[in-house]
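Here's the structure, in structure tokens; my notes come after.
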Amino acid sequence: MKVTLTQLFERLAKKREVLICSHIRPDPDGIGSAVAIAELLRSKGVKTHLRCDTPIAHSFRFIDSLGEFAELDEKRDAHLLSRIDALLVCDVGKTDRLPRVWAAVKKIEASGRPVFKAALDHHHDPDPDFDALHCDPSASSSCELVFNLFRAGKTAPSLNAARALYAGIHFDSGGFVYERTTPATHLAAAELLKAGVDPYDILRRLHWQRTRGEFQCAAELARGLEFHDAGRIALVSLDRGVRKKFKVKLEDLAGMVDLGLTVAGVDFSLLLYELGPREVKVSFRSKGLIPILPLAKKFGGGGHLFACGATIEQPLAEARKTLLRDARRELAAAKMKRR
Ligand SMILES: [Mn+2]
């Protein structure tokens, strides 16, 4: 059921113990919104637990400064799972983006104990599986939505929560420039600076602490960049060997797809990561002139208009071929529309 942001929060504030999570390989917006809303719920006397399907990338761990987030471990967390009466998923509205957490909650429900399931998100096309869903695709970030909750409740975020919110807004708005950045986004940032956030410190932590292995991986990626369709499509695929060679984890490659966008004339940048023999994760980015979401949707993916993802169940070479063919079609169709 769709609810307003305030309704979502009020319903959660009545719960006893809430499990809060984000999507797999959580990004700063997912981590930040979860950390900050957890603080807000605790201020109402609600007990909170933060868990995720996969570990947090090392560059993003600082956002969870209290070290609350852990990878869900169904055995170790059995006691916790036996107590929760609600689940809140942040920065995600598709249940297949939190397979383990979702399965754990479904198991509780199958045992006859209901769990109130809520989602706070800003991606397109959320699933209808939630008891309360607030999804606003016009919002810069989930963190901006959580900031609005603090403001509506006249609650000042702690410095920890303020940093988490700022990091999420900064990351998801591409440093306050992407298409959903509004005056309200900047005003939220201004309030967070007033609360003591040091923006340069956030930049250093978010973007300037790559390992040398990650940098080598980025260099390999740059070497492998191919240009198609008169230079309008930049594409690169990373097989499993490359990540192994440089000891880089998948969650630590966030943002590398942007490399292709830095080249003049490129409209779409596509990055394919081989996860398994028949499993390829694709990151889709557009320069903001032609939406790339329809392309991701063709592969069962989703996200935002100009930044999205999908998983293709094909061998890497085959996935690359299919993707390139459909990307060309998408660009041709966009060109037709513009005439
Ligand atoms: Mn987000």
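The values are calculated or read from the model by the stated rules, or taken from the named source; none is laboratory data. What you see is a predicted model; the values in this text were computed from it and never measured. For neighbour counting, all protein chains shown are included, and Cβ atoms are generated from backbone atoms with ideal geometry for every residue, glycine included.
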Number of the condition not met by Ala222 [criteria: (1) surrounded by 15 or more Cβ atoms within 10 Å (Cβ to Cβ); (2) at pLDDT below 95; (3) among the hydrophobic types (A, V, I, L, M, F, W, C)]: (1)
Of all residues in region 32-49 being more than 16 Å from the ligand (Cβ to nearest atom) and among the β-branched types (Val, Ile, Thr), the one that is surrounded by the fewest Cβ atoms within 10 Å (Cβ to Cβ): Val46
Cβ pairs under 8 Å, 6+ apart, first in region 18-31 and near the ligand (Cβ under 8 Å from one of its atoms), second in a loop (DSSP other than H, G, I, E, B): Asp27/Asp91; Asp27/Ala254; Asp29/Asp91; Asp29/Ser141; Gly30/Ser22; Gly30/His23; Gly30/Asp91; Gly30/Val92
Counted residues, region 198-211 - those being assigned to a helix (DSSP H, G or I) and either of a type in the set (Gly, Ala, Ser) or out of contact with any Phe, Trp or Tyr (no Cβ under 8 Å at 6 or more places or on another chain) (or both): 5
Hits in region 50-85 - residues which are assigned to a strand (DSSP E or B) and surrounded by 20 or more Cβ atoms within 10 Å (Cβ to Cβ): Leu50, Arg51, Cys52
Selection status of Glu251, under 21 Å from Ala317 (Cβ atoms) and touching a Pro at 6+ places or on another chain (Cβ under 9 Å): no
Qualifying strands (runs of 3 or more DSSP E) (wholly inside region 219-316; at least 2 residues being free of Cβ contacts under 8 Å to residues at least 12 places away in the same chain and within 16 Å of the ligand (Cβ to nearest atom)): none
